[in-house]
Amino acid sequence: MSPDATPDTGKWEPKIVAFCCNWCSYGGADSAGMGRFQQPPTARIIRVMCSGRIDPIHVFNAFLEGADAVLVTGCHIGDCHYVNGNDKTKIKYKFLEDVVRELGLEKERLYLNWISASEGEKFANFIRDVTEEVKKIGPSPLKPEGVA
Amino acid sequence: MNEVSDTVNKDASPDEDKRVGVFVCECGVNIGGVVDTHAVADYAAALPGVLVTSVNKFTCSDSGQADIQQKIKEHNLNRVVVAACSPKTHEPTFRACIEEMGLNQYFLEFVNIRDHCSWIHMWEKEKATEKAKDLVRMGIERAKLLEPLQASEVPVIDKALVVGAGVAGMQAALDLADMGFKVYLVEKEPSIGGRMARFDKVFPTNDCSICILGPKMVEVARNKNIEIMSYSEVQEVDGYVGNFKVKIEHKPRYLDVGKCTGCAKCSEVCPVEVPYDFNEGFGTRKAIYVPFPQAVPLRAVLDNDNCINCKACAKACESNAIEYEQESAYSEVEVGVIIGAVGFKTYDPAPRADYGYGKYDNIITAMEFERLLNAAGPTGGHIVRPSDCKEPIRVGFVNCVGSRDKETNIYCSGVCCMYTIKNAQLLKEKRPETDHTVMYIDIRTPFRAYEESYNRARNLGVKFLRGRPVEVKEDPETGNIRVRVEDTLAGEMRNLEFDLLVLGTGVVPNEGINRLQQLLKLSKATDGFLMEAHPKLRPVDTTIDGVYLAGVASGPKDIPYAVSQGSACAGRATILLKNKKAITEGITAVVNPDVCVGCEVCIPMCPFQAIKMDEQAGKANVMKALCKGCGTCVAACPTGALEQDHFKNNQVIAQVKNVFRFEEVASPDYPSGAGTHVSPAGGYVDESSEDMGEQT
């Protein structure tokens, strides 16, 4: 954990929409905070009760509004607070991957990850890794003009 | 079940006047030290629908909450956005706060600008402030779409299940039973008592462990409100707070517990001898045996894996209790609350052969030392070395084995310093001619009389050497253990020779922890132990209502701490058991029958069987009492007929859309002076309340 040396230069920063489930990954993001695991300020978290609630519509909306990447996150398989909501997320994610490819987006713009409420460091590393990947490929081609 | 589901509220007019108040918390310097909270409040004040914003040093404080309530009154607010810590910390606080003012508690939107912003962007103040603005904007737009909901009440069955009958579980069971509640106490071993029953003496008072635990075990057995289910395991848990259905397996003891008197005559005639697990593998027991002399219930158990089927025990048993054909029996109980006290195991140094354990005879673990030291142990209380059964003179102790080590567990097990100090003291007292050296990283002795115990050990002549052994070898001729260790205080390498080396092994999670996690869907921390609802304010609660944790299940603890937690769980559980009702979240799925086409896609999505078809109408029907509000069915509905209260599509999408902003709105140019100013939306920024001291 050292101060990020990158100067505040107003140049393009990716914007990442992260869907988190209430019980695991949102808690993981909280744990990242409690552990002061520094990460790039690129992610905006949207809380739902279960990753199973994440509707493909939410993901497409995020891309159409200008997201450079979208993260679908939930409890580890077997740990779902609602028995098996994340199993259904996994199935939906396959579909999402296909459609996102059809939309002409790179695969580096959509991620699925299971993060438990105690995995703060994992959450922070995830955000850092995705940010780096997205920085390599630049802004989303779907991003409307004038959107930040 | 014939409950009719609620339908989508058609009366909720989208044009209803939304009057939003935004309350930005500085959380001392936690947020304020990074995020420019005033800039965030100024920004929010300019957004449509926002009537008032306010910055508080601590919004959760009395004065912070009073500020919210006052502004609700003054501005007739109907939506409240609090930008502060995590909803997991303070959402209930602010829900209660706005409810007091007559607002529906679900009209609160909690924006996390601490855990998700200021704490993780500590060195990027400007970007953190911009992010906080985004998060607040997302929250405001979601807030405007929030709908009133009612939390529902469910009845609570006034019985409790305690899983694990170690000292923590026993304490929880006793306290609940003494308050008049029926308790099922499930223990996987044939006797209750847990790990404490195996300790010789307990620090810092060095009193005999079983002498203080034994009477407590008897007290549990005598208590009419406690039903002990020993040699049993929880198989399934169904239901929710107040109404858990629990299936329990009673493993076969191969004897009739009602007839067995615990006389152990069967044991005397049994020809099979196997290593005695209760004595950490030292000495032997028979294939049919009474677990230990103070066992509760005092009944024999037949270890079928080692039984040779000679039937000698059946002949010896005077009460004809032996039943070779016995199988697992199952029972089902209904309880309102569950207390998990599933205990732990000690770190096993064998697989990695830490410090040569398992390779060299004369290296034993502290638990093995504990059993050897015990008067009822395999050697009658004599510490002997395994290689030649001689009593050692030079004894070395290594602390932090399997603890505080990146290769094993990074956490401190908390109890090893103290038990090593105790063990050294006890042997020194028994045989003053012995010589003891404790090799440690740090000596940790908090709590009453612990430091005094450490001083006492030093006064007795126990030597303490700060350093972790770098090399441990056996002298093949004598069996002595040679240790190379850096004395980090003296700054020199030492070569020491011991007759016996004792490893202070740490505390690690056991199988029961994994099992309980899976059964109840609990969270686990990175150390592998179960996670509490809040590390400080709700240390025995879990995120599952009606489920509590006591003892080492939630991390290493010593006996007084585990006992306190047992009592704490009983106290927390009593709130539900006494009130006979629990409040459950009003967040469920709802069907709009006008849109539902009866395709039944949602039905297999629900893990709780909460959706049934209304055959007559040909529409799906959500049974609210069964719905747990995950929203998985909602995401699966192809027509949009299903919605999840509080996480409706429009509410989620409002957040998604407001992640982004058009550049021209990105840096609004408002007057930024102190005091109150009119915003384009007609709101104003009230900065008078930033200093708590000035509030009235």
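Values in this text are rule-based calculations from the coordinates and carry no lab data. All of these numbers come straight from a predicted model, not from anything done at the bench. Please note: Cβ atoms are built from the backbone with ideal geometry, for glycine as well, and neighbour counts cover all protein chains shown.
In segment B:432-478, which GluC sites (Glu not before Pro) fall in coil by DSSP and have 16 or fewer other Cβ atoms within 10 Å? Could you put the intermediate results ahead of the total?
Values: sites: B:Glu433, B:Glu451, B:Glu452, B:Glu471, B:Glu474, B:Glu477; in loops: B:Glu433, B:Glu477.
Here the GluC sites (Glu not before Pro) that fit, given the DSSP loop and packing criteria, are B:Glu433, B:Glu477.
Computed from the C-beta positions of B:Asp405 and B:Lys473 and an R0 of 22 Å, the FRET efficiency is 0.65 to the nearest 0.05.
Between B:Asp207 and B:Lys536, what is the FRET efficiency for a Förster distance of 45 Å, r being their Cβ-Cβ separation, to the nearest 0.05? List each step's numbers first, then the result.
Working: r = 31 Å, r/R0 = 0.70.
E between B:Asp207 and B:Lys536, to the nearest 0.05, is 0.90.
For segment B:191-198, backbone phi angles converted through the Karplus equation (6.51, -1.76, 1.60; θ = phi - 60°) give residue-by-residue couplings of 10, 6, x, x, 5, 4, 5, 8 Hz, Gly and Pro being listed as x.
Using C-alpha positions alone, give me the convex hull volume of chain B per residue in cubic angstrom. All intermediate terms of the calculation are to be shown ahead of the outcome.
Details: hull volume 146.7 nm³, N = 696.
Roughly 211 Å³ of hull volume per residue.
Averaged over peptide A:22-29, the number of partner chain Cβ atoms lying within 10 Å of each residue's Cβ comes to 4.
Between B:Glu318 and B:Lys578, the modelled label-to-label distance comes to 4.9 nm, taking each label 7 Å out from Cα in the direction of the beta carbon. Note: relative contact order over chain B, using C-alpha pairs below 8 Å and six or more positions apart, is 16 percent.
Along its three principal directions, the equivalent ellipsoid of segment B:434-520 from the Cα gyration tensor extends over semi-axes of 30, 21, 13 Å, largest first.
Placing a pseudo-label 7 Å from each Cα along the Cα-to-Cβ vector at B:Thr284 and B:Lys359 gives an inter-label distance of 3.1 nm.
Expressed as a whole percent, the proportion of Cα-Cα pairs in the protein assembly as shown lying more than 56 Å apart is 21%.
For segment B:503-601, a crude dipole built from +1 on the beta carbon of Lys and Arg and -1 on the beta carbon of Asp and Glu, taken about the Cα centre, is about 420 debye to the nearest 20.
Using the Cβ-Cβ distance between B:Lys73 and B:Val154 with R0 set to 30 Å, the FRET efficiency from 1/(1 + (r/R0)^6) comes to roughly 0.35.
Sites count as exposed loop sites when they are trypsin sites (Lys or Arg not before Pro), lie in a DSSP loop, and have at most 10 other Cβ atoms within 10 angstrom; the longest stretch of chain B without one is B:11-223.
Take each residue in A:30-37, count the other chain C-beta atoms within 10 Å of its C-beta, and the mean is 6.
When the Gaussian network model of chain A links Cα atoms closer than 10 Å, the mean-square fluctuations of A:Ser25, A:Ser118, A:Ser51 top out at A:Ser118. Positive end of the dipole of chain B (Cβ unit charges, origin at the Cα centre): among B:Tyr240, B:Met605, B:Val82, the Cα lying farthest that way belongs to B:Tyr240. For B:Cys263 and B:Asn306 in the same chain, what is the full-extension length gain: residue separation times 0.36 nm, less their Cα-Cα distance, in nm? Working it through step by step, the gained length comes to 13.4 nm.
Under 5 Å from the amide H of B:Tyr548 lie the amide H atoms of B:Ile338, B:Ile339, B:Gly340, each residue being 5 or more positions distant or on a separate chain, with H modelled from the backbone and absent for Pro and chain starts. Remark: mean inter-chain Cβ contacts per residue of B:110-122 equal 6, using a 10 Å Cβ-Cβ cutoff to other protein chain atoms. Modelled label positions at A:Leu103 and B:Ser331, each set 7 Å beyond Cα in the direction of Cβ, lie 5.6 nm from each other. Computed per residue of chain B from DSSP H runs no shorter than four, each worth -39500 (n - 2.57), the mean residue ellipticity at 222 nm is -7500 deg cm²/dmol. Entry note, segment B:527-645: relative contact order of 21 percent, from Cα contacts under 8 Å with a spacing of 6+ residues. Taking the charge dipole of segment B:359-492 about its Cα centre, with +1 at Lys and Arg Cβ atoms and -1 at Asp and Glu Cβ atoms, the residue from B:Asn362, B:Ser413, B:Pro378 reaching farthest to the positive side is B:Ser413.
State the three equivalent ellipsoid semi-axes of segment B:214-294, derived from the C-alpha gyration tensor as the square roots of 5 times its eigenvalues, in descending order and whole Å.
30, 16, 14
About the centre of its Cα atoms, the protein assembly as shown shows a dipole size close to 1540 debye [charges on the beta carbon of Lys, Arg (+1) and Asp, Glu (-1) only; nearest 20 debye].
Other residues within the sphere of radius under 13 Å centred on the Cβ of B:Glu189, judged by their own Cβ, net out at +2 (K and R +1, D and E -1). Counting neighbouring Cβ atoms within 10 Å and putting the fewest first, the residues B:Ser267, B:Ser86 line up as B:Ser267, B:Ser86.
Note: relative contact order over segment A:63-129, using C-alpha pairs below 8 Å and six or more positions apart, is 41 percent. Between B:Glu147 and B:Ala66, the contour length at 0.36 nm per residue exceeds the Cα-Cα span by 26.8 nm.
I need the semi-axes of the equivalent ellipsoid of segment B:588-652: take the C-alpha gyration tensor, multiply each eigenvalue by 5, square-root it, list largest first in whole angstrom.
Values: eigenvalues 54, 37, 19 Å².
So the three semi-axes of segment B:588-652 are 16, 14, 10 Å.
Using the Karplus relation 6.51 cos²θ - 1.76 cosθ + 1.60 with θ = phi - 60°, the per-residue 3J(HN,Hα) values for segment B:520-528 come to 10, 6, 8, 8, 10, 8, 5, 6, x Hz, with x marking Gly and Pro. Relative to its residue count, segment B:542-601 spans a Cα convex hull of 124 Å³ per residue.
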